[in-house]
Amino acid sequence: MYRYSSIRSYLISCSLMLFSFQVFADEASNSQQVFTSADSPQISLAQSTKVMVISGAVFSLKTLSEHDKSAAQIQLLEIQSSGVTFNIAEQYLLNVIRANISNTEGQEHKVINWLNKAISLEPSLAKKQLDSPLFADAYLLLSTVYQRQGQDKLAFDNKKKYIKKYFSHLKQQKELRVKRLNEIYNIEKKHEENELLAQNNEIKQYALSRAESDRTQQHIHIAIFIIAVSVFFLLLVRQFKIRRALKLLAKTDSLTQLPNRRSFFSCGDTYMSKALSSDKELSILMLDIDDFKTINDNLGHDAGDSVICNVATLAAETMRSRDFFARIGGEEFAAILPDATIEQARSIAEHIREKIQDNASANISDNENHKQTVTVSIGIASIRDVKKDFDSLLHAADLAMYQAKIKGCNQVYSFTKAEK
């Protein structure tokens, strides 16, 4: 690898020496011919109107010569030794490239020589190509070199030529853009006209089909409206049923289907107010299943639920049509007896007690060892004894029911004023 690098460095040095010798020979002869007669086409005195194509190698070499002179000099030698034929525009740029490579302090005369050789080729090039920055940069470089030499007038003249070419190039670009915009506009205009014709045809077709579709749409809208109204009505009915069911559930005991505690107290206040305002009789029954915990422990909760349901059914059957019977606790029931004196309430309570004693125990268990009789204790209170409010009247019936429990269960006990 070291030998290869040494040989490569030697070849580059030889190439640089050869290029320097050629530059010196060109300057000594003060010749305007850049290439050999075999490589250069005949220069026409009449300015061409055709823009010549610039190869990518020449274009990139010009850009390289403006930034890296050494690398550009090596590539220039490679291009010259390749034997490629260049057109006049490319020859112009190669002279500018040589000027860029020679553009060092003390080498101003070389730069001027190469640039003059390039400028001498202008009659054979198109004006719009010469006005482009790629070619007009030669005058800018020439102005810079003259300025370094102190030749201000020549520097000013070349700078003026550069500016003239620059503005000419801008004008050409502007005209080109306007031309392209006009072409685009004409194309778009034709396209819009075609679209307009197509749209007119579509509008006509749409107008024909619209009359047919309007009737269909009208029928569809009527059908949708009828369906929407029907669905809304069904949802309204369903919502009404759900609200009614929820209200019923809020007032009903889920096990016995009797009114629950909340419903009982709500109706109790109403019954109490009516009885007090009209000075009528009103009695309350409080009913509790005796030894219900023992039934649950011995026979299970399913049997306990069955006992509660049986007691609820038997008691409800005994009630009058105007009475209000409800389950207010686990094994507790209560009844409001409007227009019933304490004696009438006691008669109803005794009837309930006897009916439950005779019937509620049947079929609560198949196991003879755990056969158990179901009885209830009932407390009675009358509005004649407690007139304060419904809660007080119910509390009085509750006290009477506990007195029945104390006296041995399976009894009916009436509240009296002496027990307050």
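Descriptive notes on the structure:
- Among the candidates I356, I364, I352, I295, residue that is in a helix (DSSP H, G or I), modelled with pLDDT under 90, over 60 Å from the mean Cα position of the chain (by Cα) and surrounded by 13 or more Cβ atoms within 10 Å (Cβ to Cβ): I295
This table checks each residue for (1) more than 20 Å from D358 (Cα to Cα); (2) modelled with pLDDT of 90 or more.
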{"residue": "H221", "(1), (2)": "yes, no"}
{"residue": "L234", "(1), (2)": "yes, no"}
{"residue": "I242", "(1), (2)": "yes, no"}
{"residue": "L246", "(1), (2)": "yes, no"}
{"residue": "L282", "(1), (2)": "yes, yes"}
{"residue": "M286", "(1), (2)": "no, yes"}
{"residue": "G329", "(1), (2)": "yes, no"}
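- Listed conditions (1) under 54 Å from the mean Cα position of the chain (by Cα); (2) crowded, with 20+ Cβ neighbours inside 10 Å are all met by P133, apart from (2).
- Screening the stretch 118-129 for residues that are among the small types (G, A, S) and part of a loop (DSSP other than H, G, I, E, B) and picking the one that is nearest to L154 (Cα to Cα) gives S120.
Residue-by-condition table, conditions (1) farther than 16 Å from I383 by Cβ; (2) modelled with pLDDT of 90 or more; (3) outside any helix (DSSP H, G or I):
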{"residue": "A303", "(1), (2), (3)": "yes, no, no"}
{"residue": "V307", "(1), (2), (3)": "yes, yes, no"}
{"residue": "A316", "(1), (2), (3)": "yes, yes, no"}
{"residue": "I336", "(1), (2), (3)": "no, yes, yes"}
{"residue": "A340", "(1), (2), (3)": "no, yes, yes"}
{"residue": "E343", "(1), (2), (3)": "no, yes, no"}
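- Selection within the stretch 72-92 - surrounded by fewer than 19 Cβ atoms within 10 Å (Cβ to Cβ), at negative phi and in a loop (DSSP other than H, G, I, E, B): S82, V84, T85, N87
Here's the yes/no breakdown for (1) crowded, with 24+ Cβ neighbours inside 10 Å; (2) touching a Pro at 6+ places or on another chain (Cβ under 7 Å); (3) more than 17 Å from E331 (Cα to Cα); (4) not assigned by TED's automatic domain parsing to the domain that holds R353:
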position: T373; (1), (2), (3), (4): no, no, no, no
position: R384; (1), (2), (3), (4): no, no, yes, no
position: L399; (1), (2), (3), (4): no, no, no, no
position: A404; (1), (2), (3), (4): yes, no, no, no
position: K407; (1), (2), (3), (4): no, no, yes, no
position: Q411; (1), (2), (3), (4): no, no, no, no
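- Looking across the stretch 102-117 at every residue that is part of a helix (DSSP H, G or I) and surrounded by fewer than 23 Cβ atoms within 10 Å (Cβ to Cβ), the one that is nearest to the chain's Cα centre (by Cα) is identified as S102.
- Filtering the stretch 186-214 to residues that are modelled with pLDDT under 85 and aliphatic (A, V, I, L, M) leaves A207, L208, A211.
- Within the stretch 42-71, the set of residues being at pLDDT below 50 and surrounded by 13 or more Cβ atoms within 10 Å (Cβ to Cβ) comprises just one member, I43.
- I203 being assigned to a helix (DSSP H, G or I) and either under 29 Å from F135 (Cβ atoms) or more than 44 Å from the chain's Cα centre (by Cα) (or both): no
- Flag for S209 being over 37 Å from the mean Cα position of the chain (by Cα) and either in a helix (DSSP H, G or I) or free of Cβ contacts under 8 Å to residues at least 24 places away in the same chain (or both): yes
- Residue match in the stretch 265-277 (condition: in contact with a Pro (Cβ under 8 Å, 6 or more places away or on another chain), assigned by TED's automatic domain parsing to the domain that holds Y402, touching a residue at least 40 places away in the same chain (Cβ under 8 Å) and not in a helix (DSSP H, G or I)): no
The values are calculated or read from the model by the stated rules, or taken from the named source; none is laboratory data. Bear in mind the structure is a predicted one, so any value in this text is a computation, not a measurement. Cβ sites come from the backbone with ideal geometry, for glycine too, and all protein chains shown count toward neighbours.
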